[in-house]
Amino acid sequence: MIYHGNRFTLKKDASPEQIEIAMESLRNQGRAIPAVKSFVVGRDFGGDFEYGAVFVLEDLDGYWEYLTHPAHANTDRVGLPLVEKFDSYDITDEDDPDFGDKIAELHRRRYAQDAELTRLVSDLPSYHGSAAPGPHGK
């Protein structure tokens, strides 16, 4: 199993309406993407972030389905422009020592196929995570 998480803080000028649209889009990912086995979206407590989301995926094929699903693309387009600071991470019970590289390769492949996503991620003021450095070395 793979627990894919995102933690983020939004820009100060993000409106309540924009925030709700982005959060609902994250929740919709959990409902709409068949590969998602369970999920949680909400406030992040105990760290340096305001919000977070965790999506449970069975394997790398499910991870790819999650990454490339239109519901995920919608969240990228409505949410990433609002983000000030973003971290993604993955926790897995997989024993393969190259598993992290395989996850990062999925992200790199996705960036290679989606110029708009690459621009959105490259424009983030702060990004760390599963595919970091991001598409342009951030």
Check: Pairs, please: C-beta under 7 Å, at least 6 apart or cross-chain, first residue modelled with pLDDT under 95 and in region 41-63, second not aliphatic (A, V, I, L, M)?
Finding: Gly47/Arg7
Checklist line | Extreme residue, surrounded by the fewest Cβ atoms within 10 Å (Cβ to Cβ), among residues of region 65-85 that are under 14 Å from Met23 (Cβ atoms) and of a type in the set (S, T, N, Q) | finding: Asn74
Notebook entry, point to check: For the subset of region 86-128 comprising residues that are touching an Asp or Glu at 6+ places or on another chain (Cβ under 7 Å) and under 14 Å from Asp76 (Cα atoms), which member is surrounded by the fewest Cβ atoms within 10 Å (Cβ to Cβ)?
Noted result: Leu120
Notebook entry, point to check: For region 1-25, which residues satisfy the criterion of being closer than 14 Å to Pro81 by Cα and either part of a strand (DSSP E or B) or in contact with a Ser or Thr (Cβ under 9 Å, 6 or more places away or on another chain) (or both)?
Noted result: Phe8, Thr9, Leu10, Ala22, Ser25
Margin query: Condition (residue is closer than 24 Å to Pro125 by Cα, in a helix (DSSP H, G or I) and of a type in the set (A, V, I, L, M, F, W, C)) applied to region 39-52: is it met by at least one residue?
Written below: no
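Can we say Tyr89 is under 13 Å from the mean Cα position of the chain (by Cα) and either assigned to a helix (DSSP H, G or I) or among the aliphatic types (A, V, I, L, M) (or both)?
No; evaluated as a whole, the condition is false for this residue.
The values are calculated or read from the model by the stated rules, or taken from the named source; none is laboratory data. Note that this is a predicted model, so its numbers are computed, not measured. Heads up, the Cβs are rebuilt from the backbone with ideal geometry, glycines too, and the neighbour counts pull from every protein chain shown.
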